[in-house]
Amino acid sequence: MKYFSFFLLLFLFTCYYSSAQNLKSYNNGSLKLYYEEYGEGPALYILSGGPGEAPDHPYRQIVDSLKSSYTCVLLHQRGAGKSRNIPINASTITIKNYTEDIELVRRQRGDKKITLLGVSWGGLLAMNFAATHPASVSNLILVCSALHPTRFGMYFMIINMPDVLKQSLIRWICCKKYSQQKLKRS
């Protein structure tokens, strides 16, 4: 039992330490916000749904399937995940601030052009970023998102999506659909 406790503690410490190495922070004014980085290759920013949805399980599946070809940047948006300890009010939670956060991460990382993958609310953020910073976006991938209300879906098309992204998204969508069907039957 003594050895089991030791190895369990060692395992938990290793998991915590290795995940903390991927966690990075940046400041937007007085707010400290977070993102994670995994893999190597062109920058792929993953924007979760919500607003307020933590970038957990389904987003980690996307990261795991793409990190061998891309540097996956998983944003912890304001009010979610590790970035949840901020004041929540009309001055901090605006689409302009969310868009500025993406730009600050892009600049901090030194990425000239980024691919944005937005799920639901994250798709709206991705479209807003692409509309306000078009020179900084190489690809826009939207999953289960609505058209941007003022941009008329100008960036709605998936342009030049590499095969590895297409395959990963198809697997992710199919798994999510299967899980939802399974839950309905239960």
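The values are calculated or read from the model by the stated rules, or taken from the named source; none is laboratory data. None of these values were measured; they are calculated from a predicted model. Using ideal geometry, Cβ is built from the backbone for each residue, glycine included, and neighbour counts are taken over all protein chains shown.
In the range 70-98, what count of residues is obtained for those that are among the hydrophobic types (A, V, I, L, M, F, W, C) and at pLDDT below 90?
Summing the residues that are among the hydrophobic types (A, V, I, L, M, F, W, C) and at pLDDT below 90 in the range 70-98 gives 6.
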Inset, instruction - Return only the number of the condition from (1) surrounded by 15 or more Cβ atoms within 10 Å (Cβ to Cβ); (2) within 25 Å of GLU40 (Cα to Cα) that GLN108 does not satisfy. - result: (1)
Legend entry - Restricting the range 45-67 to residues that are touching a helix residue (DSSP H, G or I) at 6+ places or on another chain (Cβ under 6 Å) and assigned to a strand (DSSP E or B), the residue that is surrounded by the most Cβ atoms within 10 Å (Cβ to Cβ): LEU47
Legend entry - Inter-residue pairs, beta-carbon under 8 Å, first on the phi > 0 side of the Ramachandran plot and in the range 36-58, second small (Gly, Ala, Ser) and assigned to a strand (DSSP E or B), 6+ apart: none
Inset, instruction - Report, ordered by the first and then the second residue, all pairs with beta carbons closer than 8 Å, sequence separation of six or more or different chains, a first member in the range 74-90 that is over 21 Å from VAL119 (Cβ atoms), and a second member that is hydrophobic (A, V, I, L, M, F, W, C) and not in a loop (DSSP other than H, G, I, E, B). - result: ILE86/LEU31; ILE86/LEU33
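This table checks each residue for (1) among the aromatic types (Phe, Trp, Tyr); (2) over 16 Å from ASN28 (Cα atoms); (3) touching a Leu at 6+ places or on another chain (Cβ under 6 Å).
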{"residue": "ILE86", "(1), (2), (3)": "no, no, yes"}
{"residue": "ILE102", "(1), (2), (3)": "no, no, no"}
{"residue": "VAL105", "(1), (2), (3)": "no, no, no"}
{"residue": "GLN108", "(1), (2), (3)": "no, no, no"}
{"residue": "ALA130", "(1), (2), (3)": "no, yes, yes"}
